[in-house]
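The values are calculated or read from the model by the stated rules, or taken from the named source; none is laboratory data. Please read these numbers as outputs of a predicted model, since none were measured by experiment. When we count neighbours, we look across all protein chains shown, and the Cβ atoms used for this are built from the backbone with ideal geometry, even at glycine.
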């Protein structure tokens, strides 16, 4: 299977086998670079063979926080966290994943015309809107803060751009999948 993974504005082509065995090494490629991976279903951990150390497997300690697919969109919004080897603090990774179809690059112009939209991953009350139309934001900037179950949840920009419209107001209640911010086409 070929997947196109977009993280912080950069696309990567990931090729995985159709069937991923449990706790058995398998070959994969990331942007044309061959890697060897091992998935351990019981612990939900993904290991990568560290070629610098020889036969040492490095755990990525992957934990999926959420996976969302919205009606009419082919992409999946995935939020995961992993603990790199030797780190004490987990790294949160927000990505857009879509099944890669050969020849898809020739339709890149059509995809570029599709406006970029940030949607709510949770149902809750909008506490703060930190951007307005015309604002320039970078990947990782906080756009909106939503309260759910007495917790503040920050909605971050997955890529940089210029805000076209803000679809919500402070105090409003939003549902999962609601459009929050729309960016101008580049």
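Taking the range 16-31 on its own, how many of its residues are surrounded by fewer than 11 Cβ atoms within 10 Å (Cβ to Cβ) and at pLDDT 80 or above? Walk me through how you get there before you give the answer.
Our first condition is that a residue be surrounded by fewer than 11 Cβ atoms within 10 Å (Cβ to Cβ); within the range 16-31, this holds for 18-19, 22, 24.
If we keep only those that are at pLDDT 80 or above as well, we get 22, 24.
Looking only at that region, the number is 2.
Across the range 142-164, the number of residues qualifying as surrounded by 15 or more Cβ atoms within 10 Å (Cβ to Cβ) and without any contact (Cβ under 8 Å) to a residue 60 or more places away in the chain comes to 12. Among the numbered conditions (1) modelled with pLDDT of 90 or more; (2) part of a strand (DSSP E or B), the only one that residue 78 does not meet is (1). State which residue is modelled with the lowest pLDDT when the search covers only the range 32-47 and only residues that are surrounded by fewer than 13 Cβ atoms within 10 Å (Cβ to Cβ) and either in contact with a helix residue (DSSP H, G or I) (Cβ under 8 Å, 6 or more places away or on another chain) or closer than 18 Å to residue 18 by Cα (or both). Ranking the candidates gives 41 first.
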